[in-house]
1. Tell me, yes or no, whether segment 258-268 has at least one residue that is in a helix (DSSP H, G or I), crowded, with 24+ Cβ neighbours inside 10 Å, within 16 Å of the ligand (Cβ to nearest atom) and modelled with pLDDT of 95 or more.
2. Restricting attention to segment 460-481, report how many residues are surrounded by 15 or more Cβ atoms within 10 Å (Cβ to Cβ) and over 22 Å from Glu99 (Cβ atoms).
3. Hey, any hits in segment 219-234 for a residue that's more than 15 Å from the ligand (Cβ to nearest atom), under 21 Å from Phe22 (Cα atoms) and of a type outside the set (Lys, Arg)?
4. Looking only at segment 413-459, which residues are loosely packed, with under 15 Cβ neighbours inside 10 Å and either touching a Lys or Arg at 6+ places or on another chain (Cβ under 8 Å) or among the polar types (S, T, N, Q) (or both)?
5. Whether any residue in segment 363-386 is small (Gly, Ala, Ser) and touching a His at 6+ places or on another chain (Cβ under 8 Å) is what I want to check.
6. Would you confirm, using the coordinates I've provided, whether Leu214 is within 11 Å of the ligand (Cβ to nearest atom), in the same structural domain as Cys14 (by TED's automatic domain parsing) and closer than 17 Å to Ala42 by Cα?
7. Tally the residues that are in a helix (DSSP H, G or I) and surrounded by fewer than 24 Cβ atoms within 10 Å (Cβ to Cβ), restricting the search to segment 157-184.
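The values are calculated or read from the model by the stated rules, or taken from the named source; none is laboratory data. Everything quoted here is computed from the prediction, not taken from an experiment. Every residue, glycine among them, receives a Cβ derived from its backbone with ideal geometry; neighbour counts consider all protein chains shown. For accessibility, only protein heavy atoms count, side chains too; no ligands or nucleic acids. Shrake-Rupley method; radii C 1.70, N 1.55, O 1.52, S 1.80 Å.
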Amino acid sequence: MSKSYNNFIAGEWCESESGQRFDNINPAVHSDIVGSFPRSNASDIDRAVEAAGEALRAWSLMPAPERGEIMKKAGDLMVARKEEIARIQTREMGKVLAETRGDVQEGIDTAYYAFGEARRMFGQTVPSELPNKFNLTTHLPLGIVGVITPWNFPMAIPAWKLFPALTSGNTVVFKPASDTPATGTMLVEILIEAGVPPKVINLVHGTGSEVGTLIVNHPDINAISFTGSSSVGRTINAAAGEQLKRISLELGGKNAQIVMDDADQDLALEGVLWGAFGTTGQRCTATSRLIIHDTIHDEFLEMLVNATRNLKLGNGLDETVDVGPVINESARKTIHNYVRIGKKEGAKLVLGGEFATGGVLDTGTFFQPTIFADVVPGMRIHDEEIFGPVLSVMKAGDLAEAIELLNATDYGLSSSIYTRDVNAAFTAMRDIQAGITYINGPTIGAECHMPFGGVKNTGNGHREGGEAVYDFFSEPKTIYVDYSGRLQRAQIDNR
Ligand code: NAD
C-alpha cells in the first residue's frame, strides 16, 4: 500500500475536508505509487489562511537573526535527510539521482544563505536635506504569502521561495505541484522540526486549477510567488493583478547555446548534452536551441548526434542512467506532437522523435532524445516551449547573426556562448536578451546567492535568489526622524 500524506494546516497534519485524495505516480515505473495526497478544497484554504493570519504578528516580531537560526537548523536537517529526499524525488518525478541530490543541495544552500541574510537585510541611512533630521529605510514583512511551485525542481524552487519568505517575517500558504507533493511535504516537515512555529507555514495539496486558483484569489493573501508555465502565469497575473497583489512570476524558457568557430568543441559538446538532455529537457533553463557557426556546423552536429545516441535511458534510481522519463503520459504525447509538427514544418529530424520503449522503458513514460536540424525562427518547434528532450539546431554565419537568432524568441531566461574570443564574449554579455548568460558553460547551473529570472515572457521582472528575492518578500519602509524641535518643510524651508 502507498504512503498516505496529509495537509499541514493550523499546526496539524490533517485530511482535506473534501475527503478526496489523489495518487502520485512514479513516471519511470507506473505501478509504483509514491503516495496518496489530500485533494484540498475552499474550506481547507480558508483555514490555512486564517491560521497564517493568526501567526503573523508573533512571527514578524521575532528578531530576523532568530528566524535565521531556524533556517540554519532546517539546512542541517536537510543535510541529514539528503539521500532519502533525493531518492523519493527521483521516484516522484524521474530525474536521475545525481540531479535530485543536486536539487536537495540547492535547498540546503538556500537555507544557509537565509541564515546569513537574516543578519543583513540591510536598509539605507541617507543624509537629510534638512538640519537635525535623520533619514533611513528598513524592511517590513508583507503579510501572508501564497507560494505555488512546479514539479521539475521539487525541493530547490520551494526552498528558493519559502526560506526568504519566512526569514523576512511572512507567514505562508504553500501548494507544491501535484506531480511532486512528497518532496514539498518533506520540506515542510523539516521546517517544522527546525522550529518554525505552528500556523506560520501551512501546506495544502491539490491541483492548480482548484487549489492554486483559490490561493491566488483569496482576499487575505497579500502576495503570490509563482513558478510555472507562462500560460498559467498570465492567468495568475490577471487575477492577482486585479486585486493589486504583489506577484512574482518565474515562467517558461526557450534557451539557446551558441557555439562559435573558435570554441573548445569538446567542452561545448558536453555543455549542450547536459543542457539539452539533463532532466530529460524538462528545465526552465534547458537548452532547447543550439546555434552553431556554419564553418563547424556539420562536424559539430555529427559529434552531437553520436554522443546523444550513447546516452542511457532508464530509471533515475539506477546510477548508470543518464536520462530519466518525462513526467507523465500527457507530457509525452505533447512532445510527440511537437515532433510531428517539426517534421511538417520542414525541419530535418536527425535523431530520435519517438517514444522510447523496450525492457525497463516499457514500465514508464520515456521519450528518445531528439535532435532537429535546419530549424528556423517561426517554426513552432523553435518558438514554443516543448519541455522535453527535443533540441532544435540552427546555423549562423557570424556572431551578430548568432545573437540575432538567439534573441529571436518571446522568452528570455538563460543563454550561453562558447567562444575563446574575449571580444565576442563581452559583446554577447551585452547584446543577448536574457536574464542569465553563461560564457563557456551550458544554459543551466544556477547558484542560490545569484539573482535568477528572465526577461520577456519568462517573467514579470522579479528575481529569485540572492538579495533580490528578499526585496520581493518585504515591504520597504522609509523613515524620517526630525530632532530639530520645530516644523521643517522639505523643499520649502531650506530653499
Ligand atoms: P504549471 O504552470 O502547469 O504549474 C505550476 C504550478 O502552478 C503547479 O503547482 C500547478 O498546480 C499550479 N497551477 C496550475 N494552474 C494554476 C492556476 N490556474 N492557478 C494557480 N496555480 C495553478 O507548470 P509545471 O508543468 O508544473 O512546470 C513546468 C513549467 O514551469 C515550464 O513552463 C517551465 O519552464 C516553468 N518553470 C520555470 C522556472 C523559472 O524559474 N523560470 C523554473 C521551473 C519551471
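1. Here is the first cut: in segment 258-268, the residues in a helix (DSSP H, G or I) are 265-268.
Checking the rest, the ones that are also crowded, with 24+ Cβ neighbours inside 10 Å come to 268.
Filter again for within 16 Å of the ligand (Cβ to nearest atom), leaving none.
Within segment 258-268, not a single residue is in a helix (DSSP H, G or I), crowded, with 24+ Cβ neighbours inside 10 Å, within 16 Å of the ligand (Cβ to nearest atom) and modelled with pLDDT of 95 or more.
2. We begin by selecting, within segment 460-481, every residue surrounded by 15 or more Cβ atoms within 10 Å (Cβ to Cβ); these are 460, 462-475.
Within this subset, residues satisfying the condition of being over 22 Å from Glu99 (Cβ atoms) are 460, 462-463, 466-475.
Looking only at that region, the number is 13.
3. To start, the set of residues in segment 219-234 that are more than 15 Å from the ligand (Cβ to nearest atom) comprises 219-220, 222.
Narrowing further to those that are under 21 Å from Phe22 (Cα atoms): none.
No.
4. The answer is Asn423, and nothing else.
5. Let us first name the residues in segment 363-386 that are small (Gly, Ala, Ser), namely 364, 373, 378.
Remaining after also requiring touching a His at 6+ places or on another chain (Cβ under 8 Å): 364.
Taking every residue of segment 363-386 in turn, at least one turns out to be small (Gly, Ala, Ser) and touching a His at 6+ places or on another chain (Cβ under 8 Å).
6. On the way: within 11 Å of the ligand (Cβ to nearest atom): yes; in the same structural domain as Cys14 (by TED's automatic domain parsing): yes; closer than 17 Å to Ala42 by Cα: yes.
Judged against the criteria, Leu214 is a match.
7. 1
A quick yes/no check of all residues on (1) among the basic types (Lys, Arg); (2) within 16 Å of the ligand (Cβ to nearest atom); (3) within 24 Å of Asn337 (Cα to Cα); (4) at pLDDT 95 or above:
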{"position": "Gln368", "(1), (2), (3), (4)": "no, no, yes, yes"}
{"position": "Val376", "(1), (2), (3), (4)": "no, no, yes, yes"}
{"position": "Lys395", "(1), (2), (3), (4)": "yes, no, no, yes"}
{"position": "Val422", "(1), (2), (3), (4)": "no, no, no, yes"}
{"position": "Thr427", "(1), (2), (3), (4)": "no, no, no, yes"}
{"position": "Thr443", "(1), (2), (3), (4)": "no, yes, no, yes"}
